[in-house]
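Everything on this sheet refers to the single structure shown next.
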Amino acid sequence: MELLDHLILGFSVALTLENLAYCLLGCLLGTLIGVLPGIGPVPTIAMLLPITYVLPPVAGLIMLAGIYYGAAYGGSTTAILVALPGETSAVVTVLDGHQMAKNGRAGAALAIAALGSFFAGCVSTIMIAGFAPPLAEVAFKFGPAEYFSLMVLGLIGAVVLASGSLPKAICMILLGLLLGMIGTDVNSGVARYDFGIPELQDGIDFAVVAMGVFGFSEIMTNLELRDQRVAVDSKVGTLYPNKQEFKEAWPAVVRGTGIGCALGILPGGGAVLSSFASYTLEKKMSKNPERFGKGHPAGLAGPESANNAGSQASFIPLLTLGIPGNAVTALMIGAMTIHNIQPGPQVMTSHPELFWGLIVSMWIGNLMLVILNLPLIGLWVKLLTVPYRILFPAILVFCTIGVYSLNYNVFDIWVTAAFGLVGYIWAKLKCEGAPLLLGLVLGPMMEENFRRALLLARGDYTTFVTRPLSLTLLVMAAILVTLVALPSIKAKREEAFVDEG
Amino acid sequence: MQLRNKQDFWSGVMFVALGVGFALRATKYSMGTAARMGPGYFPFWLGVCLALLGAVVALGALKEKAHETEVERFDFKILLIVIGSVVLTGVLMNYLGVYISVFLLVFLSSLASHEFSWKVAAATGIFLVLFVWLAFIRGLGLIFPLWPSFL
């Protein structure tokens, strides 16, 4: 059993005391910050990213992954208790989760969310372990032309499935790709767009952009809203769902997990799409759909499991192809490159301990979250009451210190401030930051493959369409764009995103 | 012709400007040929694509059936305080050291909140300085200029 050997290798890596400790630390920190209202997982990860740079690669990535689930978990806690979703995928959690809390079943809601997520985590971890190796086999057949086309598909898919205005989102991708061009060109050694500033020759760190565009601008938008005072009902109640709730929740958990696993592999699919799809399905299947939105356990259990399965499954394209599907996985790619690990199919063979260690630690992380967080719920509730006027200066401090520690250079602080400024403008213009981040991370890789493909084809552009695999990928991308542009679907899609807002 | 979707229009204008800017700058680097690309080739065409698509976005905003949107008012006070205090921290870090800079960052940025109270701001500042010392300096062992350089 090859799979078994792999998993044993994974456990041997993930169960070392050091890695367990970092996994735990990541989960705790992630939850801690994720619980705080108004901070989504992307700024959380961006903020904590510099800490993981000082660790060895395996430990660093394990901790990052821990931060990710922690943040997601913390986000659903906030969504259930105070109806403040930190990210789009938690919007659905609010619908029935918060209603349950209002009905006095807050504890049960939290437990259902946690157990559902854990179940989804177990299944999707097994799926990653099973699916990743064959997918990586396929990826090994890819030449530069296929890689380029795959990235086009990945980027298009990410915005088609997860963003508002399509042309604007594509513009943000292009801008991200251009920002990725800043710095020394690896082929010629020419410094591009450096404007004579030596610090820019190393390029712009994606953590700097993420903190500026997501962290700083979010702070300013939140401040404008004049924080709605968070009213927490500190009575969480019993953590045990009753028989009726349990009976209604578990089929939804299973279905949600299935949806999440299937949709999570798609670029951009991940958490958001899965949770929406699952909610719709549960409502359609239910014998009494009128109970949805009034605290139906299935309306919470389904989406929560789906978004956890989805966000884990989005690690499949990340680990096998090196293609990020959303902003979070883009940050993971960036972190891998910092640790000198080129993401892609070769990771599995060149760093098997990292690959399988990370997968197993995902499962352990999920387990830790269930074991730790349910008893700690009282603490998280207290955190919810921290007023924003104390919170936001703290975020600013963490970002500033974190950015400075990247290179021990104050220049990075200024660049972050600059991105905070443009991020604020973009927020006003409703231009999304996530596509920009994807472009920024993929920019150098995309150029490299584009150049190589054309070098091999002696400058013949048809290489992208004459190679069958590459053509297939490009056609898929084209189909996605046309589908979205069709009037009937366009209207539906806009409707869906309006619901989200 | 009427400017209906203001958000999209100004986004489009921004994309065109940035695209043109990047493309123009790229012409200063060697372009090479498709088979042997120079450093300017890829960014040049990216810039051109961005400018073209930006134009599509901007023109789409002028269509009669475009959604009507307004650009929300900018809150310049918050913007200035938040970004300003971060920039200032960058300036002061090497002269005043991390402790004083962090305290100033917290205190000054707190002014952006509509419920500012100097007592709370100062207390938060002291707490965060302690936290930075404990977590980043002692815990992670990051190397910062700690105290003012002139002392």
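Some observations on this one:
- For region A:192-216, a residue qualifies if it is crowded, with 18+ Cβ neighbours inside 10 Å and either aromatic (Phe, Trp, Tyr) or facing chain B (nearest Cβ under 9 Å) (or both), and the qualifying residues are A:192, A:193, A:206, A:214, A:216.
- Evaluating residue A:414 against the criteria (1) part of a helix (DSSP H, G or I); (2) at pLDDT below 85; (3) at the interface with chain B (Cβ under 10 Å from one of its Cβ atoms); (4) surrounded by fewer than 20 Cβ atoms within 10 Å (Cβ to Cβ) leaves one unmet condition, (2).
- Residue match in region A:239-252 (condition: surrounded by 23 or more Cβ atoms within 10 Å (Cβ to Cβ), in contact with an Asp or Glu (Cβ under 8 Å, 6 or more places away or on another chain), under 23 Å from residue A:279 (Cα atoms) and at pLDDT 80 or above): yes
- Scan region B:85-123 for residues that are facing chain A (nearest Cβ under 7 Å), closer than 23 Å to residue B:143 by Cα and of a type in the set (Ser, Thr, Tyr) and the total you get is 1.
- Pairs with Cβ under 6 Å, 6+ apart, first in region B:129-151 and outside the structural domain of residue B:94 (by TED's automatic domain parsing), second hydroxyl-bearing (Ser, Thr, Tyr) and modelled with pLDDT under 80: none
- Yes/no for residue B:45 being assigned by TED's automatic domain parsing to the domain that holds residue B:24 and at negative phi: yes
- Some residue of region A:154-167 being more than 20 Å from residue A:417 (Cα to Cα), surrounded by 24 or more Cβ atoms within 10 Å (Cβ to Cβ) and more than 20 Å from the chain's Cα centre (by Cα): no
- Residue B:65 being free of Cβ contacts under 8 Å to residues at least 24 places away in the same chain and basic (Lys, Arg): yes
- Here A:145, A:129, A:106, A:136 are screened, and the one residue that is among the hydrophobic types (A, V, I, L, M, F, W, C), away from chain B (no Cβ under 14 Å) and buried (at least 24 other Cβ atoms within 10 Å of the Cβ) is A:106.
- Residue in region A:58-81 that is surrounded by fewer than 23 Cβ atoms within 10 Å (Cβ to Cβ) and not small (Gly, Ala, Ser) present: no
- Residue match in region A:37-45 (condition: out of contact with any helix residue (DSSP H, G or I) (no Cβ under 8 Å at 6 or more places or on another chain) and not hydrophobic (A, V, I, L, M, F, W, C)): no
- The residue of region B:124-143 that is surrounded by the fewest Cβ atoms within 10 Å (Cβ to Cβ), among those that are under 15 Å from residue B:97 (Cα atoms) and modelled with pLDDT under 80, is B:143.
- On inspection, residue A:174 fails the criterion of being within 7 Å of chain B (Cβ to nearest Cβ), part of a helix (DSSP H, G or I), farther than 24 Å from residue A:266 by Cα and at pLDDT 80 or above.
- Among the residues of region B:24-52, those that are part of a helix (DSSP H, G or I) and within 9 Å of chain A (Cβ to nearest Cβ) comprise B:25, B:26, B:41, B:42, B:43, B:46, B:47, B:49, B:50.
- Among residues that are touching a Cys at 6+ places or on another chain (Cβ under 9 Å), surrounded by fewer than 21 Cβ atoms within 10 Å (Cβ to Cβ) and more than 14 Å from chain B (Cβ to nearest Cβ), residue A:376 is not included.
Table: residues versus (1) surrounded by 21 or more Cβ atoms within 10 Å (Cβ to Cβ); (2) more than 9 Å from chain B (Cβ to nearest Cβ); (3) part of a helix (DSSP H, G or I).
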site: A:386; (1), (2), (3): no, yes, no
site: A:390; (1), (2), (3): no, no, yes
site: A:395; (1), (2), (3): yes, yes, yes
site: A:418; (1), (2), (3): no, no, yes
site: A:426; (1), (2), (3): yes, no, yes
site: A:431; (1), (2), (3): yes, no, no
site: A:435; (1), (2), (3): yes, yes, yes
site: A:476; (1), (2), (3): no, yes, yes
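- In region B:57-72, the residue that is surrounded by the most Cβ atoms within 10 Å (Cβ to Cβ) out of those that are touching a helix residue (DSSP H, G or I) at 6+ places or on another chain (Cβ under 6 Å) and either more than 24 Å from residue B:6 (Cβ to Cβ) or facing chain A (nearest Cβ under 8 Å) (or both) is B:57.
The values are calculated or read from the model by the stated rules, or taken from the named source; none is laboratory data. Everything numeric in this text was worked out from a predicted model, so none of it was measured. Neighbour counts run over all protein chains shown; Cβ positions are idealised from the backbone, glycine included.
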